[in-house]
Amino acid sequence: MKINIQQEDNYIEIGFGGAIDLSTSSDARKNIIDVLEKNKNILIDLSLVNYIDSSGVASLVEGYQIAKKQSLKFGLIGVSDAAMSVLKLARLDQVFPIYNSIDEYEKQDA
């Protein structure tokens, strides 16, 4: 799994690439929680994710729950087809705020 973190004015963006599975989900979880511990809004780019399993989804759910408790914004952007099919199967596409792009997020956040 590849991880790319970018600090923006109002949020931190974490981009994941490759597979988020049992062997990599702990790294995904750690990066998500590190951002939330900084009391920052978070956007997670899943456009380069070609596989995500239940442990990866659990990392996203945990991050979303922590963000909600802290009144922080949490969103997914550019969700790949592979990741979206798993999110839809778990009906999490109805739970997570999902944006096609950073521009879409920024327009809705304005």
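Of all aspartates and glutamates in the structure, those lying under 13 Å Cα to Cα from Lys69, and not within fewer than 8 positions of it along the same chain, are Glu37.
Assigning unit charges at the beta carbon (Lys, Arg +1; Asp, Glu -1) and nothing else, what dipole magnitude in debye, to the nearest 20, does the stretch 1-95 show about its Cα centre? Walk me through the numbers before you get to the answer.
Numbers: 10 positive and 12 negative charges, 60 e Å.
The dipole of the stretch 1-95 has a size of about 280 debye.
Placing +1 at every Lys and Arg Cβ and -1 at every Asp and Glu Cβ, with all other atoms neutral, what dipole size does the stretch 40-110 have around its Cα centre, in debye to the nearest 20? So the dipole magnitude of the stretch 40-110 works out to roughly 320 debye.
Taking all protein chains as they are arranged and a probe of 1.4 Å, the heavy atoms of Tyr11 leave approximately 10 Å² accessible to solvent.
Write down the percent of antiparallel bridges among all DSSP beta bridges whose residues are both part of the chain, to the nearest 5. Can you show the working numbers first?
Working: 6 of 20 bridges.
Counting only bridges with both partners in the chain, antiparallel ones make up about 30 percent.
Secondary structure note: in the stretch 1-56, about 45% of the DSSP beta bridges are antiparallel.
Distance check, please: which entries in Lys2/Lys73; Lys40/Lys68; Lys40/Lys88; Lys38/Lys73; Lys38/Lys88 exceed 18 angstrom between their Cα atoms? Violating the 18 Å Cα-Cα cut-off are Lys2/Lys73; Lys40/Lys88; Lys38/Lys88.
Ignoring everything except DSSP H segments at least 4 long, calculate the 222 nm mean residue ellipticity for the chain; use -39,500 (n - 2.57) per segment, divide by total residues, nearest 500.
Working: 4 runs with 46 residues, N = 110.
The helix contribution divided over the chain gives -13000 deg cm²/dmol.
Farthest towards the positive end of the charge dipole of the chain, among the residues Leu60, Ile3, Gln70, is the Cα of Gln70, using unit charges on the Cβ of Lys, Arg, Asp and Glu.
The values are calculated or read from the model by the stated rules, or taken from the named source; none is laboratory data. Please read these numbers as outputs of a predicted model, since none were measured by experiment. With ideal geometry, Cβ positions are generated from the backbone for all residues, glycine too; neighbour counts draw on all protein chains shown. Side chains included, ligands, DNA and RNA excluded: accessible areas come from the protein's heavy atoms. Shrake-Rupley method; radii C 1.70, N 1.55, O 1.52, S 1.80 Å.
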